[in-house]
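Down below is the structure, laid out as structure tokens.
The values are calculated or read from the model by the stated rules, or taken from the named source; none is laboratory data. Computed from a predicted structure; not experimentally measured. Counting neighbours? That spans all protein chains shown, and the Cβs are built from the backbone with ideal geometry, glycine included.
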Amino acid sequence: MVLKKYVNWLALLMVLVMAMFTLSGCGRETGLTKVRLNEVTRSVFYAPMYVAINLGFFEDEGLEVELTTGQGADKVMTALISGQADIGFMGPEATIYVFNQGQADYAVNFAQLTKRDGSFLMAREPDPNFTWERVRGKTIIGGRKGGMPLMTLEYVLKNHGIFPGEDTEVLTHIQFALMAGAFTGGEGDYVTLFEPIATNLERENAGYVVASVGEDSGEIPYTVFSARKSYLETNQEIVQKFTNAIYRGQVWVEEHAPEEIAEAIKGSFPDADLDVLAGVAKRYKEIDAWAKTPVFSEESFVRLQDVMELAGELDKRAPFELLVTNEFARKAMQ
């Protein structure tokens, strides 16, 4: 009987201890406001965002970022519109498509992270004297139709007098996440890839970077943070704190060397070598890929739609004043 009481008392004590740990865990969880962020892909191209995550800038603002990877702007937008994500990180072309389709609760862009294309053209052999004339009569794996990587590539090609379908074949049927595998499997003469995938292929002697698409395209609002209009209206404080953290990440990246950036973002790329991350960060710094502030200018919005129009993907122009707000970006900079 005594033993039974002792066992019951011990069981009760264990339950109480577990409850205390559970409550303390809940306290830690509720101490930060969770924000569900869906990114278009995982790339060093987005280093300022990973710096903000890994160095605790979001936590300093009282936010906990739950990060998922959509693998394509279309998939990020689907997650955003369906309510599976609070904030989407993708090319702003997706917000224009949704707005032009008549979506009532459309997505609004509130902070810009990158200001040019972050992909690199890769060939099967080294070509230190590469010019875009080399792709004439060749095949390029270019990405999803209607996506920024493909449209920017076509913009660069046309600016060099090379027209897809006439002077070169650009493949658009291969999913974004499968482009590298298709290239190493023997498809295409060239492929456009983001980092660190491009550098990894170079290390394997499976491909060689011959050109930067972004360097040749000029400045374009390539990847931005967006949220539904209703979310921005009802969660202004959260969005402001989110933008504050992003701006801190932008400033930090601007002020630090590639080796320091590599150390800061390593947690987001656990399988990558530090020297690879540093080399990639150096490559992106050299082409001035990262926006220095989260402000999304009207001039860059116009150029974005120029690129979309030239690609034949834009039926009508969308209004800057409805699809872009710089309220949060300007406050963050203060």
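So Asp127 fits all but one of (1) in contact (Cβ under 8 Å) with a residue 40 or more places away in the chain; (2) assigned to a strand (DSSP E or B); what number is the exception?
Looking at each condition in turn, Asp127 falls short on (2).
Regarding the stretch 245-260, can at least one residue be identified that is out of contact with any helix residue (DSSP H, G or I) (no Cβ under 9 Å at 6 or more places or on another chain) and more than 24 Å from Thr152 (Cα to Cα)?
Yes, some residue in the stretch 245-260 is out of contact with any helix residue (DSSP H, G or I) (no Cβ under 9 Å at 6 or more places or on another chain) and more than 24 Å from Thr152 (Cα to Cα).
From the list Glu263, Glu195, which residue is touching a helix residue (DSSP H, G or I) at 6+ places or on another chain (Cβ under 6 Å) and of a type in the set (Asp, Glu)?
One residue alone meets the criteria, Glu195.
Among residues belonging to the stretch 199-235 that are touching a Leu at 6+ places or on another chain (Cβ under 9 Å) and among the aliphatic types (A, V, I, L, M), point out the one that is farthest from Ala180 (Cα to Cα).
Ala227
Within the stretch 48-87, which residues are of a type outside the set (Gly, Ala, Ser), part of a loop (DSSP other than H, G, I, E, B) and over 14 Å from Ile238 (Cα atoms)?
Once the filter is applied, which keeps residues that are of a type outside the set (Gly, Ala, Ser), part of a loop (DSSP other than H, G, I, E, B) and over 14 Å from Ile238 (Cα atoms), the stretch 48-87 yields Leu55, Gln71, Gln84.
When you go through Val280, Val276, Val295 one by one, which is the residue that is over 16 Å from the mean Cα position of the chain (by Cα) and modelled with pLDDT under 95?
Going through Val280, Val276, Val295 in turn, the sole match is Val276.
Pairs needed: first member in the stretch 310-324, more than 11 Å from Glu93 (Cβ to Cβ); second member anywhere, charged (D, E, K, R); C-beta distance under 6 Å; at least 6 residues apart or different chains.
Phe320/Glu298
Can you tell me which residue among Ala73, Ala111, Ala104, Ala47 is free of Cβ contacts under 8 Å to residues at least 24 places away in the same chain, aliphatic (A, V, I, L, M) and assigned by TED's automatic domain parsing to the domain that holds Ala257?
After ruling out the rest, the residue left standing is Ala104.
Specify which of the listed residues (Thr168, Thr184) is surrounded by fewer than 16 Cβ atoms within 10 Å (Cβ to Cβ) and either outside the structural domain of Met49 (by TED's automatic domain parsing) or not polar (S, T, N, Q) (or both).
Thr184 is the lone residue from the list that is surrounded by fewer than 16 Cβ atoms within 10 Å (Cβ to Cβ) and either outside the structural domain of Met49 (by TED's automatic domain parsing) or not polar (S, T, N, Q) (or both).
Being at positive phi and surrounded by fewer than 24 Cβ atoms within 10 Å (Cβ to Cβ) is the requirement here; does Gln71 meet it?
Yes.
So which residues in the stretch 256-273 are small (Gly, Ala, Ser) and at pLDDT below 95?
Ala272 - this is the single residue of the stretch 256-273 that is small (Gly, Ala, Ser) and at pLDDT below 95.
For the stretch 211-257, give me the residue count where each residue is surrounded by fewer than 20 Cβ atoms within 10 Å (Cβ to Cβ) and closer than 24 Å to Leu121 by Cβ.
Here the count works out to 4.
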